[in-house]
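Down below is the structure, laid out as structure tokens.
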Amino acid sequence: MKRFLIIILLAAELVSFAQVPSGNIDKILPVRGFCISVPSSEDLKEFIKFIDEELAPRKVNALILRVDYNYEYTSHPELRSENALSKKDVKQLVKACRENSIRIIPQVNLLGHQSWAGSLGNLLKAYPEFDETPKIVLPEKYVWPNADGLYCKSYCPLHPDVHKVVFEIVDEICEVFESDAFHAGMDEVFYIGEKDCPRCSGRDKAELFAGEVRTIRDHLTEKGRELWIWGDRLIDGKTTGIGEWEGSYNNTYRAIDLIPKDVIICDWHYERADQTPVIFAMKGLNVVTCPWNNSDAAILQARDMFRFRDQSTPQMRDRFLGMVQTVWSGADDFLDSFYGRKTSDKQNTDVSCFKALFGEIASLTNN
């Protein structure tokens, strides 16, 4: 009888871990990730060296590459950025990651982040009719706060033509990267359901946000792919005291109860080890914690993730997937700092945080 129970328990554990995203499935910490902008062609060789000599030895098994429009799209060449990666370039990245058992998850910012400071993103440049707030003109000199409440522009999720364009981009980038997952961004969405939008005006912002998540997720699911998003719009910024950047002040947080449970949440906090992964796990969502440039916070976040997995029920444990180190400079800047070509007077940097986080993970896992 005892042997039978042991077999049942082992089988249950294998089933639960089979639900973890593919790649190097580690029972101690299933996701050990790294998120950075896609490198330029000039930096590609060194970036592949970084994959081989730094990510692989640290047992990184997920690489989120922020591609956006830095690829030579054939479906929509009008959206290409200058000096975009070629298909040949991308295949070199795919080969390096495959050889090191690293899962690539390409990212294109959807919904929000369609502009930055005084610059309009490629999507709204090419398709201004998709703009949720066309009357708000980008300033020559951007400051925050401002009278328009402008941080980044959004596209209108209810525009009848927007998904045809963005999904052709999503499909192409997933196909060229041979990926079974896609990161849609969706962080820091300040403009949604605006009163001047002829389609969104008067609609519930949480339902609009959840509807866009569901629309993207359903499209990916049809093609056997998984959706990852940043988690800040699903956190009540006011109640938690986290604020309007790491949480929502425009009521999109209620979408946490409306989105599909198979969406993977990237829960980013850069100054403290906020305990919000528990919120997502208790809502039935799988979650990874994402630090940036604060080594002390990253170490605490890693310890928390191990504690959550160790001190939770089996149902909750497997929703705490792991850690993803984020980098918000360009890949070239990061590599310059990592290899000592550029120095900083700051005590905390993304490079120091990267080394501290994976050093702590190695210590906690004994490998």
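Residues in region 219-232: is at least one polar (S, T, N, Q), more than 16 Å from the chain's Cα centre (by Cα) and in a helix (DSSP H, G or I)? Scanning region 219-232, I find at least one residue that is polar (S, T, N, Q), more than 16 Å from the chain's Cα centre (by Cα) and in a helix (DSSP H, G or I), so the answer is yes.
Listed by position, the helices (runs of 4 or more DSSP H) enclosed by region 277-367 that each have at least 3 residues that are in contact (Cβ under 8 Å) with a residue 12 or more places away in the chain and surrounded by 18 or more Cβ atoms within 10 Å (Cβ to Cβ) are 277-282, 295-310, 331-338, 350-365.
Mind listing just one residue for me: the one in region 219-243 that is of a type outside the set (Val, Ile, Thr) and without any contact (Cβ under 8 Å) to a residue 12 or more places away in the chain and, of those, nearest to residue 266 (Cα to Cα)? Taking the candidates together, the pick is 243. Screening the candidates 311, 315, 325 for the property of being modelled with pLDDT of 95 or more and under 19 Å from residue 265 (Cα atoms) yields one hit, 325. Which of the residues that make up region 214-230 are more than 19 Å from residue 324 (Cα to Cα) and of a type in the set (Asp, Glu)? Of everything in region 214-230, those that are more than 19 Å from residue 324 (Cα to Cα) and of a type in the set (Asp, Glu) turn out to be 218, 222. For residue 63, the conditions (1) in contact (Cβ under 8 Å) with a residue 60 or more places away in the chain; (2) among the aliphatic types (A, V, I, L, M); (3) within 20 Å of residue 289 (Cα to Cα) are fulfilled apart from (1). Screening 22, 75, 37 for residues that are at pLDDT 95 or above, surrounded by fewer than 18 Cβ atoms within 10 Å (Cβ to Cβ), on the phi < 0 side of the Ramachandran plot and of a type outside the set (A, V, I, L, M, F, W, C) leaves exactly one candidate, 75.
With respect to the stated conditions, residue 149 fails to be buried (at least 21 other Cβ atoms within 10 Å of the Cβ), touching a residue at least 12 places away in the same chain (Cβ under 8 Å) and not in a helix (DSSP H, G or I). Residues in region 161-197 that are β-branched (Val, Ile, Thr) and more than 21 Å from residue 236 (Cα to Cα): 162, 165, 166, 169, 170, 173, 176.
There is no residue in region 171-183 that is among the polar types (S, T, N, Q), more than 21 Å from the chain's Cα centre (by Cα) and surrounded by fewer than 21 Cβ atoms within 10 Å (Cβ to Cβ). When we screen 212, 222 for residues that are surrounded by fewer than 19 Cβ atoms within 10 Å (Cβ to Cβ), out of contact with any Phe, Trp or Tyr (no Cβ under 9 Å at 6 or more places or on another chain) and at pLDDT 95 or above, the only hit is 222. Considered as a group, the residues in region 82-102 that are β-branched (Val, Ile, Thr) and assigned to a helix (DSSP H, G or I) include one that is surrounded by the most Cβ atoms within 10 Å (Cβ to Cβ), and that residue is 90. So how many residues does region 45-81 have that are more than 18 Å from residue 361 (Cβ to Cβ) and in a loop (DSSP other than H, G, I, E, B)? Total satisfying the criteria: 11. Under the condition of being out of contact with any His (no Cβ under 6 Å at 6 or more places or on another chain), surrounded by 21 or more Cβ atoms within 10 Å (Cβ to Cβ) and part of a strand (DSSP E or B), the residues counted in region 104-125 number 6. Figure legend. Inter-residue proximity from region 246-268: first residues under 15 Å from residue 283 (Cβ atoms) and assigned to a helix (DSSP H, G or I), second residues at pLDDT 95 or above and of a type in the set (Asp, Glu), beta-carbon distance below 8 Å, spacing 6+ or different chains. Indicated pairs: 253/236; 255/207.
The values are calculated or read from the model by the stated rules, or taken from the named source; none is laboratory data. Values in this document were obtained by computation on a predicted structure and should not be read as measured data. Quick reminder, even Gly has a Cβ in these numbers, built from the backbone with ideal geometry, and neighbours come from all protein chains shown.
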